[in-house]
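The values are calculated or read from the model by the stated rules, or taken from the named source; none is laboratory data. Just so you know, these numbers come straight off a predicted model, no measurement behind them. Cβ coordinates were reconstructed from backbone atoms using ideal geometry, including for glycine residues, and neighbour counts include every protein chain displayed.
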Amino acid sequence: MSADQERERAERRRFVETNRTAIYGYPRRDNAPSMTVVYYQLHGDDLLVTTMASRAKARVGTYEARASLCVLDEKWPMSYVLLFCTAKVEDNLEATVDAMMNVREIMAGSPMPDTVRPVVEQTARDEGRVVIRLRPHHTFTTAPQHVYRPEDNANIVHPPGALLPW
């Protein structure tokens, strides 16, 4: 990998590390792919999403390992990084509660006190929560083009995107 490719790879990873919302996409047997907004968290090289076991994304994840995550920039104008992943559903209460605590910290922007954990654990039990572990293998990128002023329209060029290893 060239120095430029390595730099771009590091930028994509940093983008994923510094944002927290994404569109989770997965194939469905009888219809078009499904998508839903999720919070995610990094766990080593993997990304974790919590959901109820009864939700479609978890049910599909038990027989279909393909999923995608479109990580959204939280600043305007919005850009994104699209991750192609393998997905695995994990039904482990302690790991699920850990993930749920982390998501609450991400949502709140601050650490959760230990007193919250029993409440989160009860929620995990009541809702039948699981973790979906996403392991990215490729990204699809295209440089975002934005119009800030009317004269910017003359300079908009839409280069083809590129499928790159994660």
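Can you list residue pairs whose Cβ atoms sit under 8 Å apart, with the first residue in segment 1-13 being farther than 13 Å from H138 by Cα and the second being basic (K, R)? Count only pairs 6 or more apart in sequence or on different chains.
Close Cβ pairs satisfying both conditions: M1/R9.
Of the residues V71, V89, only one is of a type in the set (A, V, I, L, M, F, W, C), part of a strand (DSSP E or B), surrounded by 17 or more Cβ atoms within 10 Å (Cβ to Cβ) and within 14 Å of the chain's Cα centre (by Cα); which?
None of the other options fit; the residue is V71.
Mind counting the residues in segment 86-116 that are among the basic types (K, R) and modelled with pLDDT of 95 or more?
Result for segment 86-116: 1.
Across segment 1-58, which residue is nearest to D91 (Cα to Cα) among those that are assigned to a helix (DSSP H, G or I) and not charged (D, E, K, R)?
Here the answer is A58.
Filter segment 74-86 down to residues that are of a type in the set (S, T, Y) and part of a strand (DSSP E or B) and give me whichever is farthest from E8 (Cα to Cα).
Going through the qualifying residues, I end up with T86.
Are any residues in segment 18-34 of a type in the set (V, I, T) and surrounded by 15 or more Cβ atoms within 10 Å (Cβ to Cβ), and if so, which ones?
T21, I23
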